[in-house]
Amino acid sequence: MHRKRIVGIGLLVAGWMSTAGAEEPAAPLHQSTLEELMRMEITTPSKRPEELLNTPAAAYVITGEDIRRSGVTSIPDALRMAPGVTVSRIDVSRWAVSMRGFHGQYAKHLLVMIDGRSVYTPLFSGVTWDMQDVMLEDIDRIEVVRGPGASTWGANAVNGVINIITKSAKETQGGVVTAGGGTIEEAFGGARYGGAINENTFYRVYVKAFERGGFVDQNGNDTDATWESVRGGFRLDGEPTAWDTWSLQGDVYNSEPEIAARPANAPPGSDAIQLQEADNIGASLVGSWNHIFTDTSTLRLRSYYDYIDRDVSPSFKEQRDTFDFDAQHEFALTDNQQFVYGAGYRFARENNESGRFVTFNPEDRDLHLYSLFVQDNISLLDDRLTLTVGSKFEHHEFTGWETQPDARAVYKLTENQSVWASVARAVRIPTRVEYEGSYLLDIDVENGKPVFLTIVGDDDQVSEELIAYETGYRAIPLETLTLELALFYYDYDKLVSAEPGQDRVNPATGQIVRPLVASNKNEGESYGGEVSANWIATDWLSFQTAYSLAQLDLRNTDGGRDTVALLNEGKTPEHQVSLRSMFQVTRTVEFDLWVRYIDDLSALDVPSYWTADARVGWMARKDLELAVVGQNLIDDRHSEFKAAFFNGIEPEVERSVYAKATWFF
Amino acid sequence: MRWWVPLALVFSQWLAPTSLANRTDEYRLKTAYLCRFAEFVSWPASAPTGTITIGVVQFDSYRAAVDAEFAGVAPEHRPCRLIPVDSPADARGCHIVFVNTADRAVLADYLASLRGQPVLVVTDVRSGARLGAAINFFTVDGKIRFAINQEAAEEAGLSISSRLLRLGRVVKGGSTDEEPP
């Protein structure tokens, strides 16, 4: 997938949203010098619809404006806007986020990055959403690409890739202060200030904090679990010459979510609740430099450092330092070929501590990852047909060299319609616990006694493999209407299975432990697709709609006897619908409505549900925005997902409301 | 500028999502560029004299921007004149022709027809300068940049000043990128 293509969609959509009423500078521009002209920024490049039509993948862009108008307060909730993405709130601080199947808290096939920094956790796979966050007001866009992105982004970009991209410091000049509170969003506030160091260098600093709570159990009783988080950071952006840009950004945070669980010794039917507080600390530093050689040749360098200290005692402790460096050069190979190649290196040092539910063997680990990347974009038939072929070659500590190629083609049928198709291979590297650790999966009750189902890692583990076949159609029948259809067929091999071993008794506790050895004896297919339409009906009314279908078919192979991993079939909703509207009622009043349908999760006994969010925004003064947001308005409460670690508590999402004030200065 | 002006401009996006006041319309900016380019180019004696004439292919998409740019400037004070061009033959009387298209075949037509003519060919076709246009616009991070094919300009009998060469990116025609400086 070619990075800049996706950007095009966002710009295109943003362009439509902002075409009316752009004010022209008073003085004629031709009286400015060339140097002055070169400093001017254009509204949004009036990209011809070609940019969107030339994208050979199923891609969706959530803009900063979408986030503001939807009233969401977290990144995972914002991701509900994208077709093909499934988001379930598990409790106050945890979400399950996945794309096209294999739904779960540790959705193992989805790569997520924030400004180029991977937030995929190699410990369990998935993203620890109770740690990763940004100031939502500073998000420029979230690019959501369904389908393997492994040929560009590397392993674990199996079912999809999510890129969260924040605005440059130049785009966030001035101050914003936000404050508010409500039922689940009990109290929150944030402040950001941006300024200029000189005419080519800009900065911003921010701080953000919140306390959330308000979740109930399956009987409607308050779980009392709260989640406090505070974070701060900065970003610097510079343009020392017309041909160079650089940025440096950093964050530090502390996040303390509580988990409500039944005490281990509670009698059946007990309402007792025990709260366990996690203590998470983290920091990151990301630097990037882009140099433009010519109109067709660019060099991009990026490096980051990431620190995580996650203390979820007595379960386990995780401490990891990650250093990453990535270089990419793009140039025109011939008149019709744009070639990109790159190399990367990542080093991670883990100093973990085993606990009651998760063990690591060894606890301390150094992991090296080397990667190379090539991609060729070939334009044929007077640019009507574009072929993209590329591959990533990675060397991973556990599994050695991995080759992840893809081939894509997009063909422009007419000026406003195109079709695309792709075939790609992607792998998912075994996680640390699957390779050399163990974790408690679930507690079954047999003959009145608890049986601890424990996944036991095995260093014979190999990577899970996917060959993905995708195709899609796009049409822009009107300047204000985009229609997209994407279909996929995924063929998985060597999926992780959990092979039951001999029950044994833990001598210390007398408990029955059933080891389930991580192996690669499952395979299967998934298929489905998404239909989406974006329509800007008038200056003051627009609609964004999406329907997603995903069906998963898994089975044992090679004499495997797994039963638990096969349950993934029933953990993904088959049908999902998202209907959004943004309505500018008057010049200062906005009314936004969002209705969603999520199908049932049969393996978890979670019923299907309809829900709705609504937002009323009022620009009370030129520098003050007030908003009231109601979330999950249809039912008093509903369940979105169930997880074993609550030991009998099944947190549910209640109807909630919050008010927010945003002051600009 | 007072300290709060940029802030107000940034947040005007939020106040009314339909306004992006601190940014400039791309077509207006390109119109200004086209006018300014003329100062840095010397035409041979065989070129027409008088006001710089800039022919624009698919002029309709630029009409509003051109009108806005020259509104309030008396004709005698305008440094250049932009006119519609519908075919390569139309372009022969111009100093500059802006081949405003994404279609390489259209650019190739103009280049073939104008070979040896004292016309500065500007375009925004991808890799346009390497394909033989003297100047090619491209966009980087919301700003307009340009690549210059000096050989192509010289073949047309034009000379481009060193100042313009410094501001743009000099590329060679042919099959590969210029090596990084």
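The values are calculated or read from the model by the stated rules, or taken from the named source; none is laboratory data. Nothing here was measured: the structure is a model prediction, and the numbers come from that model. In this analysis, Cβ positions are derived from the backbone assuming ideal geometry, glycine residues included, and neighbour counts consider all displayed protein chains. Keep in mind that these areas ignore ligands, DNA and RNA; they rest on the heavy atoms of the full protein, side chains included. Shrake-Rupley method; radii C 1.70, N 1.55, O 1.52, S 1.80 Å.
Residues of region A:354-364 that are of a type outside the set (A, V, I, L, M, F, W, C) and touching a Ser or Thr at 6+ places or on another chain (Cβ under 8 Å): A:G355, A:R356, A:T359, A:N361, A:E363.
The number of residues in region A:329-362 being open to solvent by less than 70 Å² (accessible area, probe 1.4 Å) and part of a loop (DSSP other than H, G, I, E, B) comes to 6. Of all residues in region A:165-200, those that are open to solvent by less than 40 Å² (accessible area, probe 1.4 Å), closer than 16 Å to B:G142 by Cα and not hydrophobic (A, V, I, L, M, F, W, C) total 4.
When A:T294 is tested against (1) over 27 Å from A:L369 (Cα atoms); (2) in contact with a Pro (Cβ under 8 Å, 6 or more places away or on another chain), just one condition goes unmet, and that condition is (2). The residue that is nearest to A:G630 (Cα to Cα), counting only those in region A:213-230 that are at pLDDT 95 or above and buried (at least 20 other Cβ atoms within 10 Å of the Cβ), is A:W227. Does A:L79 satisfy being among the hydrophobic types (A, V, I, L, M, F, W, C) and away from every other protein chain (no Cβ under 13 Å)? Yes: the conditions hold for A:L79.
Only residues that are closer than 26 Å to A:Y203 by Cβ and within 14 Å of chain B (Cβ to nearest Cβ): list them for region A:284-311, please.
Within region A:284-311, A:S288, A:W289, A:N290, A:H291, A:I292, A:T298, A:L299, A:R300, A:L301 qualify.
For region A:378-406, a residue qualifies if it is open to solvent by 40 Å² or more (accessible area, probe 1.4 Å) and more than 14 Å from every other protein chain (Cβ to nearest Cβ), and the qualifying residues are A:L387, A:V389, A:F393, A:H395, A:E397, A:W401, A:T403, A:P405.
Looking only at residues of region B:92-109 that are within 15 Å of the chain's Cα centre (by Cα) and closer than 25 Å to A:D383 by Cα, we find that the one that is most open to solvent (accessible area, probe 1.4 Å) is B:A102. When each of A:L123, A:L136 is tested for being more than 13 Å from the chain's Cα centre (by Cα) and open to solvent by 10 Å² or more (accessible area, probe 1.4 Å), the lone residue that passes is A:L136.
With the requirement that a residue be touching a strand residue (DSSP E or B) at 6+ places or on another chain (Cβ under 8 Å) and surrounded by fewer than 23 Cβ atoms within 10 Å (Cβ to Cβ), what does region A:479-495 give you?
Matches in region A:479-495: A:T480, A:L481, A:L483, A:E484, A:L485, A:L487, A:Y489, A:D491, A:D493, A:K494.
Condition check for A:G154 on (1) farther than 30 Å from A:K494 by Cα; (2) away from chain B (no Cβ under 14 Å): one failure, at (1).
Considering region B:26-44 alone, what residues qualify as being more than 22 Å from B:E154 (Cβ to Cβ) and of a type outside the set (K, R)? Correct list: B:E26, B:Y27, B:L29, B:T31, B:A32, B:C35. Only one entry of A:G617, A:G630 meets the criterion of being within 14 Å of another protein chain (Cβ to nearest Cβ) and modelled with pLDDT of 95 or more, and that entry is A:G617. Being open to solvent by 30 Å² or more (accessible area, probe 1.4 Å), touching a strand residue (DSSP E or B) at 6+ places or on another chain (Cβ under 9 Å) and not aromatic (F, W, Y) is a description that does not apply to A:V158. Scanning region B:45-79 for residues that are surrounded by 19 or more Cβ atoms within 10 Å (Cβ to Cβ), within 13 Å of another protein chain (Cβ to nearest Cβ) and closer than 24 Å to B:S159 by Cβ yields B:I52, B:I54. Scanning region B:151-181 for residues that are out of contact with any strand residue (DSSP E or B) (no Cβ under 9 Å at 6 or more places or on another chain), part of a loop (DSSP other than H, G, I, E, B) and at pLDDT 85 or above gives a single hit, B:G157.
Tell me, which residue of region A:280-292 that is of a type in the set (A, V, I, L, M, F, W, C) and open to solvent by less than 30 Å² (accessible area, probe 1.4 Å) is farthest from A:I259 (Cα to Cα)?
Among those that are of a type in the set (A, V, I, L, M, F, W, C) and open to solvent by less than 30 Å² (accessible area, probe 1.4 Å), it is A:I292.
Residues are listed down the side, and each one gets a yes or a no for (1) in contact with an Asp or Glu (Cβ under 7 Å, 6 or more places away or on another chain); (2) surrounded by fewer than 17 Cβ atoms within 10 Å (Cβ to Cβ):
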residue: A:G510; (1), (2): no, yes
residue: A:V517; (1), (2): yes, no
residue: A:L554; (1), (2): yes, no
residue: A:G559; (1), (2): no, yes
residue: A:A565; (1), (2): no, no
residue: A:N568; (1), (2): no, no
residue: A:V589; (1), (2): no, yes
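Of all residue pairs spaced 6 or more apart or on separate chains, those with beta-carbon atoms under 8 Å, a first member in region B:139-152 that is more than 7 Å from chain A (Cβ to nearest Cβ) and a second member that is part of a helix (DSSP H, G or I) are B:F146/B:Y33; B:F146/B:L167; B:I148/B:L164; B:I148/B:L165; B:Q150/B:L165.
List pairs: first residue in region A:625-640 and within 25 Å of A:Q584 (Cβ to Cβ), second residue open to solvent by 10 Å² or more (accessible area, probe 1.4 Å) and not in a strand (DSSP E or B) anywhere in the structure, Cβ distance under 6 angstrom, at least six positions apart or on different chains. Qualifying pairs under 6 Å: A:N632/A:R655; A:L633/A:R655.
Screening the candidates A:L554, A:L549 for the property of being within 24 Å of A:A58 (Cβ to Cβ) and in contact with a helix residue (DSSP H, G or I) (Cβ under 7 Å, 6 or more places away or on another chain) yields one hit, A:L554.
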